[in-house]
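Each value in this text was obtained by applying a stated rule to the coordinates, not by laboratory testing. Owing to the predicted nature of the structure, the values given are computational and were not obtained by experimental measurement. Positions of Cβ are backbone-derived with ideal geometry, glycine not excepted, and every protein chain shown enters the neighbour counts.
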Amino acid sequence: KPRRVNLCTRVGKTLSMSSLDVFDVCVFLDAIGLASHARLFRENGIIGALLLRVCERDIDLQRDLGMSRLVDRLRLVFHVRRLAMGHCPPLPAPYAASPSDPPAILSWDVDRVVSWLGEHGLSAYGDAFRREEITGEAVAMLEADHLRDSLGVHRLSDRLALQDAVVSLRATVFSETVHDRASKKEAALEEANTQLDVAGHRMEEYESEICRLRDETESLRRRVKTIPDDFLCSITQCVMRDPVMCVDGHTYERVAIEHWLRDHDTSPLTGEPLSSKSVFPNHALRKVIQGFIEKDGEEL
């Protein structure tokens, strides 16, 4: 169970078909209701890179992988194509949910498929579709030889009409999956732009505060001969207004160390990793700095 959830977390992010190992393929089969075939897939060493090739040869699925039922073969082909596009199969509770809403056709049962045949004037083949238990995901993958050899659609005009209907349905299904991915990319791009705007605003605030601190430090330097080094932030080289201690044991200007810690987990002085990014006010040093400046006639 954990492996199934992990697979579905990875698919559509960094995982590609070629990175699926034999056990991932078995998990995938389990997720689409074909766990009974996992043993033969495992014994034949079917990894992700081979799934698409295997699905191109219906005879291999029947002869070497024991998939005698047409509906099982079609279900596999349907979900392999979706997986290749970065979509996990929908998972029943208590497993993780699909990364995106599945196409409506996944909810089609045999009765809905037979109704679909009637909509195209082909209800005469309803019994054959019922016998083979053709559901929505299976009907989308039907090819001419399936219609002729397994479903008894021998009349050429009927077979061509069914092929056209299947192609139209398939285009709708997979255009939905493409739309899902496009929507995800658009949302991710919008989020990235928002983060850039926030980062840009923070940088402007930081630069403005640093400029103010430098101006104050230069003004103080003109009035006193020497400013103690302990009063200067090692990042900004300015007199600290709000000194805080970091876990590296050193004191910095708050705005400077917080800016540093947004992108680093090391000490700006030693380069050593920090056990925490927490900072603590250095009240004692702040009072000393205030006293130094006030003695010169200016409040901090």
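Report the trypsin sites (Lys or Arg not before Pro) located in the stretch 185-243 that are in a DSSP loop and have at most 13 other Cβ atoms inside 10 Å of their Cβ, or state none. Intermediate values should be presented prior to the final figure.
Details: sites: K185, R202, R212, R214, R221, R222, R223, K225, R241; in loops: R222, R223, K225, R241.
Hits after loop and neighbour filter: R222, R223, K225.
Size of the dipole of the stretch 127-174 about the Cα centre, Lys and Arg at +1 and Asp and Glu at -1 on the beta carbon, nothing else charged, in debye to 20?
Values: 6 positive and 9 negative charges, 25 e Å.
My answer is approximately 120 debye.
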